[in-house]
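S.K.: I'd like to ask you about the structure that follows.
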Amino acid sequence: MSTLLAAPPGTIPAPTIEYTQLAPMMLVFGAAIVGVLVEAFAPRHLRSAVHVPLTLLSLAGAFALTILLAVDGTRNVAAMGAVAVDGPSLFIHGTILVLAFVSVLLFNERLQFVSQAASVPGSTEEEDSLEEGAVQTEVYPLALFAIGGMLLFSAANDLLAMFVGLEVMSLPLYLLCGLARRRRLLSQEAAVKYFLLGAFSSAFFLYGMALIYGFAGSVDLAKINDALGSASGRDTLLYVGAALLGVGLLFKIGAAPFQAWKPDVYQGAPTPITALMASGTLVAAFGAVLRVFWVALGNLDWDWRPVMWGVAILTMVVGAILAITQTDIKRMLAYSSIAHAGFLLTGVIATGGPAQNEEALSGILFYLVAYGFTTVGAFAVVTMVRDAGGEAGHLSRWAGLGKRSPLLAGVFAFFLLAFAGIPLTSGFFGKYAVFAAAVSGGATPLVIVGVVSSAIAAFFYVRVIVLMFFSDPAPDGPTVDVSSMGTAAVVAVAAAATVVLGVLPQPVLDLADAAAHSLFVR
Amino acid sequence: MLSVAIFLPLAAACVLAALPRLGASAARAVWILVSAAVLGLAAAMWAGYPGGVAYEQRLRWIPSLGAGYHVGVDGMSLPLVALTALLFLVCAVYTGRDTPRMPAYAAFFLFLEAVSLGLFAALDLLLFFVFFDLSIVGMYFVIVGWGHGDRARSALRFFLYTFLGSLALLLGFIGLFLGGGTFDLVELAARPPFRAEPGIAGLVLLAVGIGFAVKTPVVPVHTWLPPAHTDAPAAGSAILAGILLKMGAYGLARVALPVLPGAWQRHAWVVIAIGVVSVVYGAFVALAQRDLKRLIAYTSVNHMGYIVLALGAAGLAAGDERARDLAVTGAVTQMVSHGLVTGALFLLAGVVWDRAHDYDLTRLGGLAGPAPVLTALTAVAAFASLGLPGLSGFIAEFQIFAGVIGTGIPGAAVAGAIAVAGVLVTAALFLRVLQRAFLGGPGELTARFTDVRPRELLAVAPLLALSLAVGIAPRPLLDLVEPAAAAVVTLVSR
């Protein structure tokens, strides 16, 4: 703004864009646009063959660029203060890109995605398109746009860029949710629900942003923080604005009382998309939450902390208790994701001095990696257990899976134990790191609630394990589809990550420590 | 050598888990061989034990969390390591080839063996916690998979109760870490955290205490124990009572006393009260049981109460130091003795279930006729459990009473006197069992009984023989335990 005013009238100075520092994001968005062009010009039978390598290579390339940036040691604010390039954002970008890569490996448009999204479910048109063998290969560019949005959302250094990131991430996801091949009505319902509630939360976010701008005169996170000290007399704008921003962000992480969309959407969406949302979106949203609450509203922590306490307690308890009553595996995992968001929030609350913030941030980052891998792995297993009518979602169908397919059931049991936080799995150290940070940050009562809800959560994880191994299989039980190499690879990678992070977490802890060391740039 | 003993069963468990199609005989052979090898290692360690903390091994694991792989044994843990090795071998011998899903069963027991050995050897709190938690998971699957009756429900109650306890324990360990800056038990004991903040030390002790109290268990957090024991398979019950319960009492002696000495001293009377209540309540509730296994389970509450009482008395800094040494020695001896005797009792109860498929004492009777050897074994085990001189229970309980009363503090003397009354009730209830089930006229289920099979005899006899050996010549054991107990008393008296 000041540069604008200082320039002589009649000329508009060009903004400086640090292209090298934004390269990972640019690569993903560029690949997404190329993907759209492929949709437009490539012959139908070639599209899939082009999309898969294009998507995977661009994600791998973006990951490599992120590593280069991290090694390079660049830490500043790029693109005129719109995007932060710092330790936490690079770590989160790396995590999102790896998890997205793994989730995209699960994509299989003939198995999971609808043949023609525009056809009415159950119509002759749908039958025709099925016979014709049509596929919606648009899922690949859409996913890339969503992933690019996640990158921007988690690294945005001003609220406007954050909102753009939020929308670029969310809009493709709304569409992708409605593209399930089986049980299409459920899928479309999920998409509509997600869209409506998501639109509301975006509106909350936007309105909150406007009020904060009214308070601080800027949307830049660091300037908002500065204004907290100097501006006075406009506190109403600040409090209402912060609350509305909080609603928008807490919706995205699925914190109670804004968690209602999660089970419906996770259940209805095609499972690879669920995996992408449960891992990538959650990581990105936590990046944004940390940035808004620690950077922009960092000096307001005395005011938002009590509210966050309430939200965290409610989230943990609601997630853990409602999960018990679920009979669908994807809904159960959705509620478990809500409970995990609550555990992560205990880390968000554990602020204090710089050393304390570093510890809490490092714990959250480690948790996000650990949880992300495990959850992608769990959803990958869900895609493999299939009935005649698609995935076997109902828990009763999973009875005796351990007898039919001991290896797959064993791996799934392992993921569930990791969710429960049993030692020697990644979940234990994740939970440990976050809870230890919260205890040293003075949030011991919150940790006690966390501990109790982990015990409740352990109950339904263990129940599924018992169901798989100690119940008799139904005679017409689901089959295990091991035809997809990609899915098998995802399960293997996720299981390996869960073991390694559980037994030898030191390298990743070091990385998280290093990323958290400089905290956020301002 | 110690690490080999820990990881050998773990490796064997992985191999068995990877080979679910293995025949039952082969799986059982692997199980017995590996357990025997571990027992051999434990015996070698005992024979070559030089005193102090021996066979120590320290590796970097997670330096940024201040946690390392640090194991070692001293006079307190070595008897328990040996007991673990013996009891698991005995369970392997006891288990028949007809057990369903034998490879998985053996794998779970080997896994539990590794975890138990690791726990008793751990000198790092995080490592300790890892093994503590894994023991819960392993035992849960043993009960769910191979138990009887309402096993899913019992196992779940066991899991939730002890898992919640373990999370409280984790909370306490996090507190210790924040206070001491490390998870290393040796360093923590050398520089106890929270010396200047009694309030925080009390809260940390509460968290740690809840964790161990659930596992021990003491009244009022014992309610998971009877159903878990009743519905577990015989070998599972033997391990649960013989080894897993020790983890709680051992944890108190290993972690709470040396690391939080001030808090332990201040709250010693609470611990003593809990111990006495457990002793009396456990004994009386056991007296009222009709179910043989529930009865034995409640005697466990009673027996573990003596240990808690002794450890509480160790915290009475004003008391006579030699008497407190004696009490802690008695507590460790009681852990070993209870492991041997209750392990044997549960295996014998397993024989009863195998024949009658019922534990109801009122439907049994006159078993001495068809099963004289079973009767003799049960009689010896019962007498050992009620503390008859000449058997291990007497040595342990005598030391505890002498130590507690010998502290010279009136309150402790009263507590000791009340606890002695517990022995009387235990004696009554075991005599009642012998009279009801084994002597007297035949009951409705007596016709189904045959005498013990060779493998059952082979499993139970060594336990009772050792109990007898400890009862007659306790010196080898006490020579090992006494220095370690004195060290703990010195640490807690700071």
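The values are calculated or read from the model by the stated rules, or taken from the named source; none is laboratory data. Quick caveat, the model's predicted, so the values are computed rather than measured. Cβ coordinates were reconstructed from backbone atoms using ideal geometry, including for glycine residues, and neighbour counts include every protein chain displayed. The accessibility values were calculated without ligands, DNA or RNA, using every heavy atom of the protein model including side chains. Shrake-Rupley method; radii C 1.70, N 1.55, O 1.52, S 1.80 Å.
S.K.: Which of the following residues is over 19 Å from A:SER187 (Cβ atoms) and open to solvent by less than 20 Å² (accessible area, probe 1.4 Å): A:GLY310, A:GLY246, A:GLY268?
M.R.: A:GLY246 is the lone residue from the list that is over 19 Å from A:SER187 (Cβ atoms) and open to solvent by less than 20 Å² (accessible area, probe 1.4 Å).
S.K.: Just to be sure, is A:LEU407 within 22 Å of A:ALA494 (Cα to Cα) and either surrounded by fewer than 23 Cβ atoms within 10 Å (Cβ to Cβ) or more than 10 Å from chain B (Cβ to nearest Cβ) (or both)?
M.R.: Judged against the criteria, A:LEU407 is a match.
S.K.: Would you pick out the residues in segment B:403-422 that are over 22 Å from the mean Cα position of the chain (by Cα), under 19 Å from B:LEU326 (Cα atoms) and open to solvent by 20 Å² or more (accessible area, probe 1.4 Å)?
M.R.: Within segment B:403-422, B:ILE405, B:GLY406, B:GLY408, B:ILE409, B:PRO410, B:GLY411, B:ALA413, B:VAL414, B:ALA417, B:ILE418 meet the criteria.
S.K.: Looking at segment B:66-82, which of its residues are open to solvent by 10 Å² or more (accessible area, probe 1.4 Å) and touching a helix residue (DSSP H, G or I) at 6+ places or on another chain (Cβ under 7 Å)? Please lay out each step first, then the result.
M.R.: Here is the first cut: in segment B:66-82, the ones open to solvent by 10 Å² or more (accessible area, probe 1.4 Å) are B:66, B:68-69, B:74, B:82.
Of everything in segment B:66-82, those that are open to solvent by 10 Å² or more (accessible area, probe 1.4 Å) and touching a helix residue (DSSP H, G or I) at 6+ places or on another chain (Cβ under 7 Å) turn out to be B:GLY66, B:TYR69, B:ASP74, B:ALA82.
S.K.: Moving to a separate point now. Checking the condition within 11 Å of chain A (Cβ to nearest Cβ), out of contact with any Gly (no Cβ under 9 Å at 6 or more places or on another chain) and outside any strand (DSSP E or B), which residue from B:VAL144, B:VAL93 passes?
M.R.: Going through B:VAL144, B:VAL93 in turn, just one is within 11 Å of chain A (Cβ to nearest Cβ), out of contact with any Gly (no Cβ under 9 Å at 6 or more places or on another chain) and outside any strand (DSSP E or B): B:VAL144.
S.K.: I need the full set of residues from segment A:480-522 which are surrounded by 14 or more Cβ atoms within 10 Å (Cβ to Cβ), hydroxyl-bearing (Ser, Thr, Tyr) and either more than 25 Å from the chain's Cα centre (by Cα) or not in a loop (DSSP other than H, G, I, E, B) (or both), in order please.
M.R.: If the condition is that a residue be surrounded by 14 or more Cβ atoms within 10 Å (Cβ to Cβ), hydroxyl-bearing (Ser, Thr, Tyr) and either more than 25 Å from the chain's Cα centre (by Cα) or not in a loop (DSSP other than H, G, I, E, B) (or both), then A:THR487, A:THR498 are the ones that fit.
S.K.: Next question, about the same structure. Restricting to segment A:186-200, name every residue that is touching an Asp or Glu at 6+ places or on another chain (Cβ under 9 Å) and open to solvent by less than 20 Å² (accessible area, probe 1.4 Å). Break it down into steps so the answer makes sense when it comes.
M.R.: Of the residues in segment A:186-200, the ones touching an Asp or Glu at 6+ places or on another chain (Cβ under 9 Å) are A:186, A:189-190, A:193-194.
Within segment A:186-200, A:ALA190, A:TYR194 meet the criteria.
S.K.: I've got another one for you. What number of residues within segment B:61-85 satisfy the criterion of being more than 14 Å from chain A (Cβ to nearest Cβ) and either in contact with a strand residue (DSSP E or B) (Cβ under 8 Å, 6 or more places away or on another chain) or of a type in the set (A, V, I, L, M) (or both)?
M.R.: 12
S.K.: Then there's this: Give me the helices (runs of 4 or more DSSP H) completely within segment A:85-185, filtered to those with at least 3 residues that are open to solvent by less than 10 Å² (accessible area, probe 1.4 Å) and farther than 30 Å from A:ASP510 by Cα, ordered by residue number.
M.R.: Numbers: elements: A:87-106, A:124-132, A:139-155, A:159-177.
In segment A:85-185, A:139-155, A:159-177 are the helices (runs of 4 or more DSSP H) which contain 3 or more residues that are open to solvent by less than 10 Å² (accessible area, probe 1.4 Å) and farther than 30 Å from A:ASP510 by Cα.
S.K.: Quick check on my filter: what residues within segment B:1-44 are within 14 Å of chain A (Cβ to nearest Cβ) and either of a type in the set (Asp, Glu) or open to solvent by 20 Å² or more (accessible area, probe 1.4 Å) (or both)? Break it down into steps so the answer makes sense when it comes.
M.R.: Taking segment B:1-44 and keeping what is within 14 Å of chain A (Cβ to nearest Cβ), we get B:6-7, B:10, B:13-14, B:16-22.
Listed by number, the residues that qualify are B:PHE7, B:LEU10, B:CYS14, B:ALA17, B:ALA18, B:LEU19, B:PRO20, B:ARG21, B:LEU22.
S.K.: In the list B:VAL425, B:VAL452, which residue meets the criterion of being open to solvent by 10 Å² or more (accessible area, probe 1.4 Å) and closer than 17 Å to B:THR342 by Cβ?
M.R.: Sole residue among the options that is open to solvent by 10 Å² or more (accessible area, probe 1.4 Å) and closer than 17 Å to B:THR342 by Cβ: B:VAL425.
S.K.: Right, another one. Restricting attention to segment A:453-468, and to residues there that are hydrophobic (A, V, I, L, M, F, W, C) and facing chain B (nearest Cβ under 7 Å), which single residue is nearest to B:SER166 (Cα to Cα)? Outline the logic, then answer.
M.R.: Applying the first criterion (hydrophobic (A, V, I, L, M, F, W, C)) to segment A:453-468 yields A:455-460, A:462, A:464-468.
Restricting the remaining residues to those that are facing chain B (nearest Cβ under 7 Å) gives A:455, A:458-459, A:462, A:466.
Numbers: A:ALA455: 10, A:ALA458: 12, A:PHE459: 14, A:VAL462: 16, A:VAL466: 21 Å.
It comes out as A:ALA455.
S.K.: If B:LEU110 meets every condition in (1) away from chain A (no Cβ under 11 Å); (2) open to solvent by 10 Å² or more (accessible area, probe 1.4 Å); (3) farther than 21 Å from B:VAL221 by Cβ apart from one, which number is that one?
M.R.: (2)
S.K.: Looking only at segment A:9-39, filter to residues that are out of contact with any helix residue (DSSP H, G or I) (no Cβ under 7 Å at 6 or more places or on another chain) and open to solvent by less than 70 Å² (accessible area, probe 1.4 Å); which one of those is farthest from A:ASP86 (Cα to Cα)?
M.R.: Of everything passing the filter in segment A:9-39, A:GLY30 is farthest from A:ASP86 (Cα to Cα).
S.K.: Checking the structure you have, find out if any residue of segment B:45-60 is at pLDDT below 95, within 14 Å of another protein chain (Cβ to nearest Cβ) and open to solvent by 20 Å² or more (accessible area, probe 1.4 Å).
M.R.: Checking segment B:45-60: at least one residue is at pLDDT below 95, within 14 Å of another protein chain (Cβ to nearest Cβ) and open to solvent by 20 Å² or more (accessible area, probe 1.4 Å).
S.K.: Is one or more of the residues making up segment A:485-495 within 29 Å of A:ALA156 (Cα to Cα), touching a residue at least 60 places away in the same chain (Cβ under 8 Å) and away from every other protein chain (no Cβ under 14 Å)?
M.R.: yes
S.K.: If you don't mind, there's one more thing I want to ask. When you look at B:PRO9, is it within 30 Å of B:ALA485 (Cβ to Cβ), out of contact with any Phe, Trp or Tyr (no Cβ under 6 Å at 6 or more places or on another chain) and free of Cβ contacts under 8 Å to residues at least 24 places away in the same chain, yes or no?
M.R.: Criteria not met by B:PRO9.
S.K.: Among the residues that make up segment B:235-256, is at least one of them farther than 27 Å from A:ALA433 by Cβ, among the charged types (D, E, K, R) and within 14 Å of another protein chain (Cβ to nearest Cβ)?
M.R.: No - not one qualifying residue is present in segment B:235-256.
S.K.: Can you tell me which residue in segment B:367-389 is surrounded by the most Cβ atoms within 10 Å (Cβ to Cβ), limited to those that are part of a loop (DSSP other than H, G, I, E, B) and touching a Leu at 6+ places or on another chain (Cβ under 7 Å)?
M.R.: It comes out as B:LEU367.
S.K.: Could you tell me whether any residue of segment B:124-137 is at the interface with chain A (Cβ under 9 Å from one of its Cβ atoms), open to solvent by less than 20 Å² (accessible area, probe 1.4 Å) and within 16 Å of B:GLY242 (Cα to Cα)?
M.R.: Scanning segment B:124-137, I find at least one residue that is at the interface with chain A (Cβ under 9 Å from one of its Cβ atoms), open to solvent by less than 20 Å² (accessible area, probe 1.4 Å) and within 16 Å of B:GLY242 (Cα to Cα), so the answer is yes.
S.K.: Further question: Just a yes or no: is a residue in segment A:425-441 more than 10 Å from chain B (Cβ to nearest Cβ), in contact with a Ser or Thr (Cβ under 6 Å, 6 or more places away or on another chain) and open to solvent by 10 Å² or more (accessible area, probe 1.4 Å)?
M.R.: The answer is no; no qualifying residue exists.
S.K.: Can you name the residue in segment A:43-56 that is in contact with a helix residue (DSSP H, G or I) (Cβ under 8 Å, 6 or more places away or on another chain) and at pLDDT 90 or above and, of all such residues, is nearest to A:GLY148 (Cα to Cα)?
M.R.: Across segment A:43-56, the extreme among qualifying residues is A:THR55.
S.K.: Going by what's in this entry, would A:VAL449 be described as within 12 Å of another protein chain (Cβ to nearest Cβ) and either within 25 Å of the chain's Cα centre (by Cα) or in a helix (DSSP H, G or I) (or both)?
M.R.: Yes: the conditions hold for A:VAL449.
S.K.: Sticking with this one: List the number of the failed condition for A:LEU228; all other conditions in (1) in contact with an Asp or Glu (Cβ under 9 Å, 6 or more places away or on another chain); (2) in contact (Cβ under 8 Å) with a residue 12 or more places away in the chain hold.
M.R.: (1)
S.K.: Could you figure out which of (1) acidic (Asp, Glu); (2) within 14 Å of chain A (Cβ to nearest Cβ); (3) open to solvent by less than 10 Å² (accessible area, probe 1.4 Å) isn't true of B:ASP150?
M.R.: (3)
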